[in-house]
Amino acid sequence: MAGSKSVEELEKLVEELSGRVAALEQSQPEDRLTSGLLSGDLDKTMAAFIIALGARAFDIEVDIFATFWGTTAFRDPKKRVEKRGMDRMFDTMLPAGAGQLPLSRMNMAGMGPRMIRKAMAQHGAKSLEELLREAGEAGVRIHICTMTMDLMGLKPEEMIDYPHLDYVGVGQFIDFANRSRQCWFF
Amino acid sequence: MAGSKSVEELEKLVEELSGRVAALEQSQPEDRLTSGLLSGDLDKTMAAFIIALGARAFDIEVDIFATFWGTTAFRDPKKRVEKRGMDRMFDTMLPAGAGQLPLSRMNMAGMGPRMIRKAMAQHGAKSLEELLREAGEAGVRIHICTMTMDLMGLKPEEMIDYPHLDYVGVGQFIDFANRSRQCWFF
Amino acid sequence: MAGSKSVEELEKLVEELSGRVAALEQSQPEDRLTSGLLSGDLDKTMAAFIIALGARAFDIEVDIFATFWGTTAFRDPKKRVEKRGMDRMFDTMLPAGAGQLPLSRMNMAGMGPRMIRKAMAQHGAKSLEELLREAGEAGVRIHICTMTMDLMGLKPEEMIDYPHLDYVGVGQFIDFANRSRQCWFF
């Protein structure tokens, strides 16, 4: 069929193709990963940050969305806020920061996390606290679920100092996920 | 090198490009999310439905695939079926619906879920039962794993009334996942 | 505006479009899924392999990345290695292979896994050991996290014989994930 089109017809085809290519380019995922933190487990939270730092080494953008128990890793044990009622109950029962997260397995009333931390130190692996500090330097963004803050009575004043931390709703998480190459929950 | 091609050569190039663009368009993920429910935990199941409703607000299609313990959220406690042997054991031991799901953390023999539900009511957050009703209205589709139904002795007659619920195999889940922008497990 | 371009101008446009289409083709995900195993739970590990085999039936490439407790499914109980200190503690406490994995729910000190295994046998569902053997035949690749091997004192000599098993760092996992249509953690 080649050779049957005029220059004008070809130009129209090229214009139409150009529009379709632009639409494809627009809808591509960015070079970006999103991690959802939900469990608040030490091992799973560490996995998220180890992957985050690995991704940053490849210049991949990383957004970490913390919801439910996942938010407790970002409480600062040195910053306490006066609370009442149910907020106070949550305050007492929830881990006060990265140093108090339980393991998803073999927690054994806190012996497991100590054992893992000791093994990590022996093998020169970074602690969660070190991973967090490096993540801040590497530009990993942390987004805390506003609904969880409200539900568990958490206050911004008791959260860690971190260079890229903000509070977002589920709509913003969906936007991050939609623009990411991968998104998973820990 | 420009200016060296004839109209016929250009036409061939445009035809070839057009085919490649069509192939790219065909293989793009749809504006669609898939959530796998596996844990059957109250908090994780709620997270899946909060995200599902958020996504529907952006007109994103949502498929929820329930497998293993994830199926128990969709049992209707008012619909009981006579069972024998191992099916009966599962019937007794598995949560009978959304109202009986445990928490992934701080379950404390059922005290945790009650505490979370109370906090949610105080803060005007929707219960899982309300989320489920809204998901039905919003067109969120629920797909229950046939292998799990069989394994746990669950019967369609004991599942909730929901406008978009069906029973699928793992092949259909893979198809949903493959066509989705994101897919995760809760 | 059609009909205003010369053949030379059209040729330039087609060349430019061709480059953009090639760039899009390059950045597309492959027909490939990646499963991360982190929990080491029997139910979740089985889900990963059932999906892996389902995906292979559609000719989708599958990479399974095992980290933390997820590695324990691949220990061979018949291959024991002399260990000392903390490595020995992990050796004793960690499940020695697929046959010893706990359930994520209703584990009941090992009664739950036995009950699930019995129900599976009754319904003709494949055991994890059978799934593993079939995954090997179907070309599912297993990648074990080197950092976990080190941390938990696991040795390659105690891992199962599997036709496609190797040891990788987090960077390689990120590469798998980035090239996959979907990636999730179990």
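The values are calculated or read from the model by the stated rules, or taken from the named source; none is laboratory data. The model shown is predicted, which means the values in this text are computed figures rather than measured ones. When we count neighbours, we look across all protein chains shown, and the Cβ atoms used for this are built from the backbone with ideal geometry, even at glycine. Ligands, DNA and RNA are stripped out before the accessible areas are found, and what is left, the full protein with its side chains, is counted by its heavy atoms. Shrake-Rupley method; radii C 1.70, N 1.55, O 1.52, S 1.80 Å.
Mark the label point 7 Å from the Cα of B:K155 along Cα→Cβ and return the residues of the range B:86-121 whose backbone N is within less than 17 Å of it. Hits in the range B:86-121 for B:K155 at 17 Å: B:86-94, B:96-97. Once all protein chains are placed together, C:C145 keeps about 10 Å² accessible to a 1.4 angstrom probe.
Counting protein heavy atoms only, the range B:30-185 has 52 percent of its accessible area on carbon and sulfur, 1.4 angstrom probe.
Heavy-atom accessible area buried between chains C and B is around 3800 Å² (1.4 Å probe, both sides summed). Across chain A, the relative contact order, built from alpha-carbon pairs under 8 Å that are at least six residues apart, equals 33 percent. In this rough spin-label picture, where each label sits 7 Å from Cα along the Cβ direction, the C:M93-C:S4 distance is 7.4 nm.
Simple rule: put +1 on each Lys or Arg Cβ and -1 on each Asp or Glu Cβ in the range C:58-186, find the dipole, and look at C:I142, C:H123, C:A98; the Cα lying farthest toward the positive end is C:H123. The spacing between the range A:144-186 and the range B:41-61, judged by their C-alpha centroids, is 15 Å. Solvent-accessible surface of protein heavy atoms, probed at 1.4 angstrom with all chains present, puts A:M152, A:M106, A:M147 in the order A:M147, A:M106, A:M152, largest first.
Per residue, the convex hull spanned by the Cα atoms of the protein assembly as shown amounts to 183 cubic angstrom. The mean number of partner chain beta-carbon atoms within 10 angstrom of a residue's beta-carbon across peptide A:101-114 is 2. Rg/Rh for the range B:24-82 stands at 1.12; both radii use Cα atoms, and Rh follows the Kirkwood definition. Accessible surface of C:D150, taken over heavy atoms with a 1.4 Å probe and every protein chain present, rounds to 80 Å².
Legend: Rg and Dmax of chain B, from Cα coordinates, 22.5, 81 Å.
When A:G139 is represented by a point 7 angstrom out along its Cα-to-C-beta vector, the spacings to that point in the other copies are 3.8, 3.8 nm, nearest first. Other protein chain C-beta atoms within 10 Å of residue C-beta, averaged over A:20-30: 5. With R₀ fixed at 60 Å, the C-beta to C-beta distance from C:E134 to A:D175 puts the FRET efficiency at about 0.90. A 1.4 Å probe run over the protein assembly as shown, with the rest of the protein chains in place, finds 41 Å² accessible per residue.
Ordering B:M93, C:M149 by accessible surface, largest first, gives B:M93, C:M149; the 1.4 Å probe counts only protein heavy atoms, with every chain in place. Between C:R114 and B:A57, the modelled label-to-label distance comes to 4.9 nm, taking each label 7 Å out from Cα in the direction of the beta carbon. Counting, for every residue in C:45-53, the Cβ atoms of other protein chains within 10 Å of its Cβ and taking the mean gives 3.
With label points defined 7 Å past Cα in the direction of Cβ, position C:D31 shows copy-to-copy spacings of 2.8, 2.8 nm, given to one decimal and shortest first.
Assuming charge only on the beta carbon of Lys and Arg (+1) and of Asp and Glu (-1), the dipole of chain C about its Cα centre is about 1140 debye to the nearest 20. Helical content alone sets the calculated 222 nm signal of the protein assembly as shown at -14000 deg cm²/dmol, taking -39,500 (n - 2.57) per DSSP H segment of four or more residues and averaging over every residue.
Residue pairs exceeding 30 angstrom between C-alpha atoms, taken from B:K83/B:K118; B:K83/C:K78; C:K44/C:K79; A:K126/C:K44; B:K44/B:K78: B:K83/B:K118; B:K83/C:K78.
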